[in-house]
1. Suppose we keep only residues that are in contact with a Cys (Cβ under 8 Å, 6 or more places away or on another chain) and polar (S, T, N, Q) within the stretch 272-299. Which one would you say is nearest to Phe242 (Cα to Cα)?
2. Of all residues in the stretch 1-29 being hydrophobic (A, V, I, L, M, F, W, C) and within 18 Å of Trp61 (Cα to Cα), which is surrounded by the fewest Cβ atoms within 10 Å (Cβ to Cβ)?
3. Could you tell me whether any residue of the stretch 147-158 is out of contact with any Pro (no Cβ under 8 Å at 6 or more places or on another chain) and either assigned to a helix (DSSP H, G or I) or within 28 Å of Lys74 (Cα to Cα) (or both)?
4. Among the residues of the stretch 295-308, what is the count of those that are surrounded by fewer than 13 Cβ atoms within 10 Å (Cβ to Cβ) and at pLDDT 85 or above?
5. Just to verify a result, which residue in the stretch 266-301, among those that are touching a residue at least 24 places away in the same chain (Cβ under 8 Å) and among the polar types (S, T, N, Q), is nearest to Lys135 (Cα to Cα)?
6. What's the number of the condition Ile187 fails, among (1) assigned to a loop (DSSP other than H, G, I, E, B); (2) more than 19 Å from Ser165 (Cα to Cα); (3) open to solvent by less than 60 Å² (accessible area, probe 1.4 Å); (4) free of Cβ contacts under 8 Å to residues at least 60 places away in the same chain?
7. Please enumerate the residues belonging to the stretch 247-275 that are of a type outside the set (Gly, Ala, Ser) and more than 18 Å from Asp103 (Cβ to Cβ).
Amino acid sequence: MDTMYSINDIKENIKRIRKNIGHDDSEINIKDMIFNEKSNELWIITNDRPDKSVIIGKGGWVVGRLREDLNINKIHVDSYSDHILKKYKMNESLNKINSVIEDKNNNKNDKSNGLINLKKLLEIKIENSYNFDFKEHLKKNESEYDKNNHEAIVALSGGVDSSFSLVLAKFLGFNPIAITVDAGSIILPKHYKKNIDNLTKEIGVEHKYIKKDYSKIIHESLVQGRFHPCGRCSSKTGETLFNFGLENDIDTVIFGDMLATGSQCITNKILNYNGEKKKMYRLNLPASLSIAKQEIKQVIADYKVESIGGFGCPLLFEVHKKYPYMRKFSIQRILRETRSGALEAGEALNLIWSFAKK
């Protein structure tokens, strides 16, 4: 939608604000603007990230003053270069989802309602990649889904990423069953269980806890300091969920991974079960949509999920404290999510600081 302000008007306002608060005089480059009159929100599209920084200003002062001066609810500043990359990733995801839908239809002669709806959602988000609003879309486009057959398992840890994945999986018609691997309070503390129980009750999703012994992982990481625990925990959890899928004839497991974007957003593996080979699929739902952490938090804010600072895992906290060199591997993960666009620089800094200072 058009706004009453032209690009030149916005440029002049930004120059004036920068001068008033003592910022250097800088060239203001704006490629496009989108205004949503209903929500009173403005999207400013810059050429590149440095142009974005000029408009945001130190500590967000410039864009904050601009929002106040224009009396606009929210101003979003995005760079066109980031937009191109995100759109490219989503198109790669769409190609992979299409190939999996075709593969499942050819091999099982049935349709995956959830994947078909995910394909539609990807197409809509690609078409409206600047100003797509997940919350608004979820409210307006709740899909019908088959309540009799589970199409997917969702790995539910109680954090915001897996909680978002469960909400979206239900919306998309996967009719998911949520599974939480309970490895004890050092990995799954009470506040995570509270989030899990609240969310699954609120949205009406079947949920199961599966108890597993992670004592070897805990010993090797916390007692011996040999390994960073996250990779081994993730592998054991994945193995448990795929086994549950094999036992219950559910061929798709959904994870809250934000990094496996594009062609890696959904992968498959052949597993043996009772002498028969079965194809199982891993769907990294947030990654398939190239979603940012901020978008996830906006959606989850409407549900009974408490946001937990830092990494939240007591085992990781203790490993960081006892073996400070292990923090390096956690920081590497944060930097990868930042490079992918899943995290903003400020969010990444807060995460690193949350454990680096302890």
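1. Selected residue: Asn284.
2. First, the residues of the stretch 1-29 that are hydrophobic (A, V, I, L, M, F, W, C): 1, 4, 7, 10, 14, 17, 21, 28.
When the remaining residues are screened for being within 18 Å of Trp61 (Cα to Cα), the result is 10, 14, 17, 21, 28.
On the way: Ile10: 20, Ile14: 23, Ile17: 20, Ile21: 14, Ile28: 19.
Looking at the filtered set, the residue picked out is Ile21.
3. No, the stretch 147-158 contains no residue that is out of contact with any Pro (no Cβ under 8 Å at 6 or more places or on another chain) and either assigned to a helix (DSSP H, G or I) or within 28 Å of Lys74 (Cα to Cα) (or both).
4. 2
5. Gln298
6. Of the numbered conditions (1) assigned to a loop (DSSP other than H, G, I, E, B); (2) more than 19 Å from Ser165 (Cα to Cα); (3) open to solvent by less than 60 Å² (accessible area, probe 1.4 Å); (4) free of Cβ contacts under 8 Å to residues at least 60 places away in the same chain, the odd one out for Ile187 is (4).
7. First pass over the stretch 247-275, keeping only residues of a type outside the set (Gly, Ala, Ser): 247-255, 257-259, 261, 264-274.
Scanning the stretch 247-275 gives Glu247, Asn248, Phe255, Asp257, Met258, Leu259, Thr261, Asn272, Tyr273, Asn274.
Yes/no matrix, rows are residues, columns are (1) open to solvent by less than 50 Å² (accessible area, probe 1.4 Å); (2) under 21 Å from the mean Cα position of the chain (by Cα):
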position	(1), (2)
Asn195	yes, yes
Glu202	no, yes
Lys208	no, no
Lys211	no, no
Ile217	yes, no
Glu220	yes, no
Val223	no, no
Asn243	no, no
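The values are calculated or read from the model by the stated rules, or taken from the named source; none is laboratory data. No experiment lies behind these values; they were computed from the predicted model shown. With ideal geometry, Cβ positions are generated from the backbone for all residues, glycine too; neighbour counts draw on all protein chains shown. When the accessible area is computed, the model is the full protein with side chains, heavy atoms only, and any ligands, DNA or RNA have been set aside. Shrake-Rupley method; radii C 1.70, N 1.55, O 1.52, S 1.80 Å.
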